[in-house]
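See below for the structure under consideration.
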Amino acid sequence: MRIVIAGGHGKIARLLTRDLTADGHEVIGLIRNPNQADDLRTDGATPVVLDLESTTPADLAEVLSGADVAVFAAGAGGGSGDARKTSVDLGASVLLADAAETAGVRRFVQVSSTGADLVRDDAEPAGVPADFVAYLRAKLAAEEDLVRRDLAWTIVRPAGLTDDPATGLVTLEHTGPGIPEVRGTIPRADVAAVLAALIVSGSGALETLYLVSGRTPVPSAVAALA
């Protein structure tokens with residue numbers, strides 16, 4: 001398969017790239033900083049330098065041409081202001097989905113965030129820092145844009161992310177408005193393993209999924225979605 005990952009230098013994206021390329025898949029990693037290109041090559045990916053905040057849908061569609069899957073794993077990152085969260089976590093996701101439609105790439109996997117439903121209907125969740133509320137609003141808006149599209153989308157909402165070694169054991173559940181998400185954490189390596197399994201299997205289409213460390217092996221958790 002040929003997979004294009006937006007935010008190719010992110011921690012989850014790099015782990016995902018290694019998982020996919022180890023199985024013989026071709027990965028194109030989109031990066032803004034050309035100094036990151038060698039890292040992606042080390043991971044087995046082909047880097048493409050392209051700023052998702054300034055490129056055009058047509059230019060991005062050209063990169064996506066011939067791809068089987070588009071993955072949105074980009075993010076403004078900690079310390080960014082509300083405007084940048086909107087332009088990256090929301091705007092870049094919309095741009096990638098636009099380009100995927102133009103290029104005829106139907107499979108779209110989006111990395112979102114646990115807690116996105118807390119800000120639905122402009123709710124102001126108690127005890128949540130203002131900058132994280134802005135992040136959740138951007139993530140929820142990106143989800144809402146994606147689910148309206150004629151794409152085979154899958155949205156994954158990981159729990160709190162850690163850099164612990166992979167356990168290979170997760171809980172992967174359907175989630176959405178009115179469905180509580182169990183608080184917890186998950187190693188980024190396990191998130192990457194789940195994303196790789198979703199991409200390769202095609203499971204989870206048209207589903208929003210909550211992901212946290214659990215007791216089910218990754219292959220079984222993904223297979224249960226079929």
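Tabulated values for the structure
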item	result
Residue within region 168-191 that is modelled with pLDDT of 95 or more, within 14 Å of the chain's Cα centre (by Cα) and within 22 Å of ALA97 (Cα to Cα) present	yes
When residues of region 34-72 are limited to those that are closer than 18 Å to ALA92 by Cβ and β-branched (Val, Ile, Thr), the one surrounded by the most Cβ atoms within 10 Å (Cβ to Cβ)	VAL71
Any helices (runs of 4 or more DSSP H) falling wholly within region 130-226 and containing at least 3 residues that are free of Cβ contacts under 8 Å to residues at least 24 places away in the same chain	130-147, 218-223
Some residue of region 18-33 being in a helix (DSSP H, G or I), farther than 21 Å from GLU144 by Cα and open to solvent by less than 40 Å² (accessible area, probe 1.4 Å)	yes
Positions within region 113-131 being open to solvent by 30 Å² or more (accessible area, probe 1.4 Å), out of contact with any Pro (no Cβ under 9 Å at 6 or more places or on another chain) and closer than 16 Å to ARG157 by Cβ, in sequence order	VAL128
Index of the failed condition, ASP117 passing every other in (1) assigned to a helix (DSSP H, G or I); (2) farther than 28 Å from ASP190 by Cβ; (3) among the acidic types (Asp, Glu)	(2)
Some residue of region 75-83 being in a helix (DSSP H, G or I), closer than 23 Å to ALA197 by Cα and within 17 Å of the chain's Cα centre (by Cα)	no
Output for region 96-111, where each listed residue is open to solvent by less than 20 Å² (accessible area, probe 1.4 Å), farther than 20 Å from ILE12 by Cα and in a helix (DSSP H, G or I)	ALA99, ALA100
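The values are calculated or read from the model by the stated rules, or taken from the named source; none is laboratory data. Owing to the predicted nature of the structure, the values given are computational and were not obtained by experimental measurement. Note: ideal-geometry Cβ built from the backbone for every residue, glycine included; neighbour counts use all protein chains shown. Each accessible area value is taken on the protein alone, full model and side chains, heavy atoms only, with ligands, DNA and RNA left out. Shrake-Rupley method; radii C 1.70, N 1.55, O 1.52, S 1.80 Å.
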